[in-house]
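This report refers to the structure that appears directly beneath it.
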Amino acid sequence: MAIDTQTTVTAPDAVAPSPGDTRLSGRARLVLFVLCAAQFMVALDFSVLNVALPALGKDLGLSQSALQWAVTAFALPSGGFLLLFSRIADLFGRKKLFLTGLALFGAASLLATLAWGPASFLTGRALQGLGAAVIVPTGMSLLTTTFPEGPLRDKALGISGTLMSLGFTVGMVLGGVMTDTLGWRSTMGLLTAAAVIVLVLAPMLLPESRTPERPRLDVPGAVTVTGGLLAVIYALSTAAQQGFGGVDVWGTLLVGLALLAAFVAVESKASAPLVSLPMLKRRTVAWGNLGGLVTFSMMSTVVFVLTLYLQETLDLSSFQTGLVFGVQGIASAFAGTYAAKIIGRFGARRVLVGSLLGQGLFIAALLGIGSGSGALLATAAVSLASMCHLGAIISYGVTVTSGVPNEEQGLATGLVTTTQQVGITIGIPLLGVLATTQASLFDGVRTVLAIDALIVIAAAGLVAVGLSRKKA
């Protein structure tokens with residue numbers, strides 16, 4: 001087990017025999033299973049409800065315009081509180097907070113399952129998001145502090161990243177099947193059962209880790225960064241439904257940006273900052289997170305516009321569209337099985353740059369789709385782009401967390417997961433609306449794909465230059 005001299009880690013026995021060993025012991029496999037199951041569960045929650053929205057809207061009396069809150073109520077706390085909880089976990093115990101998040105997530109999922117009206121359902125969704133904001137960074141930091149930097153951590157992050165990617169895809173397919181056969185409540189019931197299973201296993205297997213000191217929590221920093229992230233995510237989530245024309249969208253966005261600017265000013269003067277500014281100046285942290293932001297935001301946009309293209313332009317059914325993304329999920333899983341080996345051979349930085357470049361080029365290949373045909377090309381190109389996307393996900397996580405002391409792993413993984421959440425949130429509002437506001441949906445989809453590809457390819461160049469620069 002990786003143990004830093006400034007971090008207290010206790011466990012019944014070690015899960016990692018040595019930093020250079022690539023073999024996972026039996027206990028290590030169980031620990032990894034629990035942590036990955038929690039991440040998979042949260043990823044599933046992001047997508048499993050999407051296709052069930054019309055059914056639950058009719059059942060609970062939610063209007064068409066109000067359905068967005070089923071998504072927004074989850075996205076706001078899950079993204080807004082990530083950094084705060086990741087730091088609290090560093091200070092007061094990652095395992096303890098992880099278990100608390102699991103209990104909250106399970107109870108919230110049960111509330112959403114049994115919801116008797118819009119208010120109870122949206123309350124359950126908001127509490128699910130709050131639980132996710134606890135689970136994701138604490139689970140990631142438990143993983144990076146349990147498995148030492150090197151082949152074992154790369155392998156663990158590869159498996160975790162693969163299952164998280166699969167969670168989004170499985171959620172899209174499984175949500176439709178469960179809603180049609182068992183009703184929309186079964187999707188929330190599935191999450192309740194998953195949370196209970198992980199909560200039963202986690203206390204017996206996971207080590208506790210925290211910093212031995214108990215510094216004061218940076219309250220001004222926590223307030224400004226949480227408020228800023230909440231405002232920005234709300235504005236962008238609203239823009240995804242209503243566009244950027246509303247005063248409330250721009251007003252909330254400006255407030256959020258102002259709070260984030262205030263956060264930077266507060267952190268520069270704080271004696272015990274929530275986020276260490278020197279950490280943000282690390283090349284690996286800054287450029288790695290840029291790569292993560294781009295790969296998540298641009299890939300989520302591709303999935304969004306391709307869904308419109310396949311159903312609206314090619315008239316494919318929901319089931320046929322689900323099969324396209326099912327192939328994408330299988331391709332991602334295949335890539336995940338080899339990602340750690342490739343990173344071990346070529347290094348995380350090279351793999352990150354190469355993965356971004358590949359993602360951009362395969363997105364560009366989607367420009368070959370036609371208005372009357374193109375399902376096969378779309379399936380092949382999006383699957384290959386997703387394989388590169390998975391490589392970028394894993395390699396940016398390895399890049400950002402490498403060389404970071406164990407006492408700051410919660411913060412590092414909090415930045416990784418915040419980047420992920422913000423990336424998923426901003427892509428569709430910034431680019432996806434171009435597909436739906438042009439006279440021709442097909443032309444709009446092609447425009448979005450072209451811009452998307454250019455952004456990813458440009459980001460690959462920037463990350464390559466940024467990571468190769470020598471320290472001043």
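Brief remarks follow.
- The slack in the chain from F346 to Q320, taken as 0.36 nm per residue of separation less the alpha-carbon distance, amounts to 5.6 nm.
- Computed E for A119/L376 - FRET, C-beta separation, R0 41 angstrom, nearest 0.05: 0.35
- Total formal charge among the other residues, if their Cβ is under 14 angstrom from that of A435, Lys/Arg +1 and Asp/Glu -1: -2
- Mean-position separation - Cα centroids, the range 228-276 and the range 438-452, in angstrom: 29 Å
- Centre separation in Å (Cα based) which lies between the range 319-396 and the range 104-169: 23 Å
- Under 5 Å from the amide H of L316 lie the amide H atoms of Q311, each residue being 5 or more positions distant or on a separate chain, with H modelled from the backbone and absent for Pro and chain starts.
- Working ranking of peptides 141-153, 334-346 by packing, defined as the average number of other Cβ atoms within 10 Å per residue, highest first, is 141-153, 334-346.
- Length added when fully stretched, L462-F33, from 0.36 nm per residue minus Cα-Cα: 150.9 nm
- Note on L182 and F334: with the Förster distance fixed at 30 Å, the Cβ-Cβ geometry gives a FRET efficiency of about 0.50.
- Chain lengthening between D59 and A103 when straightened (0.36 nm per residue, less Cα-Cα): 13.1 nm
- Calculated [θ] (222 nm, deg cm²/dmol) that DSSP helices of n ≥ 4 give over the chain, each run adding -39,500 (n - 2.57): -26000 deg cm²/dmol
- Per residue accessible area in Å² of the chain, where ligands, DNA and RNA are left out and the probe is 1.4 Å: 39 Å²
- At R0 = 45 Å, FRET efficiency that the Cβ-Cβ distance of Q438 and M204 yields, to 0.05: 0.25
The values are calculated or read from the model by the stated rules, or taken from the named source; none is laboratory data. As the structure is a computational prediction, the values presented were derived from the model and not from experiment. With ideal geometry, Cβ positions are generated from the backbone for all residues, glycine too; neighbour counts draw on all protein chains shown. Ligands, DNA and RNA are stripped out before the accessible areas are found, and what is left, the full protein with its side chains, is counted by its heavy atoms. Shrake-Rupley method; radii C 1.70, N 1.55, O 1.52, S 1.80 Å.
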